[in-house]
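Trainee: What follows is a structure written as structure tokens; I'll ask about it next.
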Amino acid sequence: MVLSHKYITKVALAFAYITYIIAAFIGTSYAGQLKFDGVPVDITTSDEEDLVVAPGSGGNVQIGIGSGANTYATGQNDLHITGILESSGAAYLDSNVTLGSASTNTISALGRLSSNLLPATSGSYNLGSSTLVFSNLYTNIISGFAYFDLANGRLGIGVSAPQARLDIRASGSSTGFALRISDTT
């Protein structure tokens, strides 16, 4: 089968036109509102590419009803979520974190801490209050001053290796006792 010169020319022109349209869209940004009318939609990118949602100047990204109080998410790089944020994997928050906005909010932590829990300023924060106290404290050392030897049921004050159930040593003394109580049973 031999193709005519006219047919080949039309195909070449169509191909050139399609290439022109594709080239016009590459690198072009579009603004506006994307609406989905009850149709499930997947937004995907090519391998090794990020999905970027970048609001214009003065805006931010909102997920949910979009009418929540944006107290803190007010800048162009901010994200406001109305509703619940759930992660099935790890979450990395590389800056300051505020949990709750009032003393009536509750925070539940069901996992274990794998790092130190430190105050932002020494001597400025309490653990509990005069009306909301914790029921039990399980620890080995309190402020480097008291030591609980859980294995032997001993408490040392001013000594890190108590020799009796309650072992109180004078400040700076390794041999002299301020008070020593011993149970011989």
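Trainee: With a 1.4 Å probe and all protein chains in place, put Thr98, Thr121, Thr82 in order of accessible area, largest first.
Mentor: Thr98, Thr121, Thr82
Trainee: When all protein chains stay in place, what accessible area (Å², nearest 10, 1.4 Å probe) is found for Ile157?
Mentor: 50
Trainee: Just check the stretch 55-115 against the gyration tensor rule for me: Cα atoms, a ≥ b ≥ c as the square roots of the eigenvalues, rounded for a/c under 1.5, and otherwise prolate or oblate depending on whether a/b exceeds b/c.
Mentor: Prolate shape, in that a/c is at least 1.5 and a/b is the bigger ratio.
Trainee: Once ligands and nucleic acids are excluded and a 1.4 Å probe is used, how much of Tyr147 is accessible, expressed in Å² to the nearest 10?
Mentor: 60
Trainee: Next question, about the same structure. Rank these by accessible area, largest first, 1.4 Å probe: Arg169, Arg154.
Mentor: Sorted by accessible area, descending: Arg154, Arg169.
The values are calculated or read from the model by the stated rules, or taken from the named source; none is laboratory data. It should be emphasised that the depicted structure is a prediction, and the values quoted were computed from it without experimental measurement. Heavy atoms of the whole protein, side chains included, go into the accessibility calculation; ligands, DNA and RNA do not. Shrake-Rupley method; radii C 1.70, N 1.55, O 1.52, S 1.80 Å.
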